[in-house]
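Structure record follows, encoded as structure tokens.
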Amino acid sequence: NGQWRGVIEEYRELLDIPQDTPAVTLREGGTPLVHSGWLSGLTGAEVWLKVEGNNPTGSFKDRGMTTALSVAVHEGAKAVVCASTGNTSASMAAYAAKAGVTPIVLVPEGKISAGKMAQAVLHGSQVIQVRGNFDDCLRMAREMAWHYPVALVNSVNPARLEGQKTAAFEIVDFLGDAPDYHLLPVGNAGNISAYWLGYTQYAGLGRATKRPVMRGFQAEGAAPLVTGEPFPDPETAATAIRIGNPASWKLAEAARDESGGRFAAVSDEQILAAQKQLAARDGVFVEPASAAGIAGLLSELAAGVSYRGATVAITVTGHGLKDIATALEGLELPEVVVDADVDAAARAAGL
Ligand code: F0G
């Protein structure tokens, strides 16, 4: 009966939020699980892509923002704040607009893509650029929410993970069980923690017979969960995961340990190559950070890791149109111009 209702109405009784919270929703979630012929062929596994760029603001953040904004507004908030590398702020701004509250955004100066900045601005945010990195912004956002009348909606807000865990529910609902492995990019580490929460809850309810092995991939220049030490000056072309001291560090380590998983680093070159290959081979265009899980799978295959016979889910977290500047960097744009004549066009196309 009718369209997908958004993650709160689809899964309300499974979410640990006040059950009478009215939903502030843009009908997020219900994203496609797309079979990857390319990666299935390479691995001898069944590889499924959870395409989170299909959410209303183009990233997985909408799942947690519907819950965070709904709870904050229900509790009387008139303004909301977040630190962001761009996607959290785009999402918060949209849900704040929908709810009629003021969004305040703290971002590292010059380090968020133009598309994400456009989203924050058009949805009506107060955008404050900070001379510092994401970790500085997050410290400021926490302090601002402590001292001023504004609600914090970063993933340290537990309502965020409650919403984000629904992606795990959807994967199990579609596959009929949990996958054997789940691979995804890791930055502030909220998402891997949320997936683990979701998989654990479904296994506890008997809706899945197992939980997947969790493998999280970070950019080499921002890989604190790999080295076990914070990165004071994180750097990567995948700006969405340019984070040196993840807020959900402990939860992410628990997901790794309880699942028998691991964290590994991939280089910017591997990330950007994976982004291009995924677009060209599977028709799925994701932003650089979103390709970290794909890059991770490819680098493991090269190192001899086997996925043969397994079911593998990989989250691709955000849409490619979020950051076209990075996508086009170093590419020669085709400059084929012809007269308005079909034969000339056909010749130029090599027909
Ligand atoms: N992929 C994308 C596209 C992201 O925007 C983020 C995080 C991640 C992966 C990592 O997810 O932080 O839960 O481990 N972006 C945040 C932001 C930090 O501000 O938009 P995580």
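The numbers here are math on the coordinates, done by the rules we state, and not lab data. None of these values were measured; they are calculated from a predicted model. Note that we place each Cβ from the backbone using ideal geometry, even for glycine, and neighbour counts take in every protein chain shown.
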query = Given 0.36 nm per residue, what is the gain on full extension from Ala346 to Ala114 after removing their alpha carbon distance, in nm?
reply = 80.0 nm
query = What FRET efficiency, computed as 1/(1 + (r/R0)^6) with R0 = 30 Å and r the Cβ-Cβ distance, is obtained for Asp16 and Arg139, rounded to the nearest 0.05?
reply = 0.70
note = Between the residues Asn55, Pro32, Thr67, the Cα farthest towards the positive end of the dipole of segment 28-79, that dipole coming from +1 and -1 charges on the beta-carbon of Lys, Arg, Asp and Glu, is from Thr67
ask   = Between rounded, prolate and oblate, where does segment 61-158 land on the alpha carbon gyration tensor, with a ≥ b ≥ c its root eigenvalues, rounded for a/c under 1.5, else prolate if a/b exceeds b/c?
value = oblate
note = Under the rule rounded for a/c under 1.5, else prolate if a/b exceeds b/c, else oblate, using alpha carbon gyration tensor axes a ≥ b ≥ c, the chain is classed as rounded
ask   = Among Ala203, Pro179, Cys137, whose Cα lies farthest out toward the positive end of the dipole of segment 130-209, if unit charges sit on the beta carbon of Lys, Arg (+1) and Asp, Glu (-1)?
value = Cys137
request  = Starting with the highest mean, order 58-66, 200-208, 315-323 by the number of other Cβ atoms within 10 Å, averaged over the residues of each peptide.
outcome  = 58-66, 315-323, 200-208
message = Let's see if you can work this out: charge +1 on each Lys and Arg Cβ, -1 on each Asp and Glu Cβ, no other charges. What is the dipole magnitude of segment 61-158 about its Cα centre, in debye to the nearest 20?
response = 140 debye
query = Using Cα pairs under 8 angstrom and six or more residues apart, how large is the relative contact order of segment 48-186, in percent?
reply = 28 percent
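Please say if segment 151-225 is rounded, prolate or oblate, where rounded means a/c under 1.5 for a ≥ b ≥ c the square roots of the C-alpha gyration tensor eigenvalues, and otherwise the choice is prolate for a/b larger than b/c and oblate otherwise?
oblate
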ask   = Roughly how big is segment 99-216's charge dipole about its Cα centre, with Cβ charges of +1 (Lys, Arg) and -1 (Asp, Glu), in debye to the nearest 20?
value = 120 debye
For segment 234-351, convex hull of alpha carbons as volume per residue, Å³ = 158 Å³
key: Residue order, fewest to most beta carbons within 10 Å, for Ser299, Ser36, Ser290   = Ser299, Ser36, Ser290
remark   = Here the net charge surrounding Ala238, from other residues whose Cβ is less than 12 Å away from its Cβ (Lys, Arg +1; Asp, Glu -1), is -3
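Number of Lys pairs in the chain with C-alpha atoms less than 14 angstrom apart, excluding same-chain neighbours closer than eight positions? Mind showing how you got there, number by number?
Numbers: Lys50/Lys61; Lys50/Lys165; Lys61/Lys116; Lys61/Lys165; Lys61/Lys322; Lys78/Lys98; Lys111/Lys322; Lys116/Lys322.
Lysine pair count for the chain: 8.
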ask   = PRE reach from His147 (point 7 Å along Cα→Cβ): which of segment 82-103 fall under 19 Å by backbone N?
value = 82-84
message = Order these by the 10 Å Cβ neighbour count, fewest first: Cys82, Cys137.
response = Cys137, Cys82
query = What list of ³J(HN,Hα) values in whole Hz, one per residue of segment 345-351 in order, does the Karplus curve 6.51 cos²θ - 1.76 cosθ + 1.60 (θ = phi - 60°) give from phi, with Gly and Pro shown as x?
reply = 5, 5, 4, 4, 7, x, 7
request  = Can you tell me the FRET efficiency between Arg281 and Glu235 if r is taken as the Cβ-Cβ distance and R0 is 25 Å, rounded to the nearest 0.05?
outcome  = 0.30
query = When Lys and Arg each count +1 and Asp and Glu each count -1, what net charge do the other residues less than 10 Å away from Leu184, Cβ to Cβ, add up to?
reply = +1
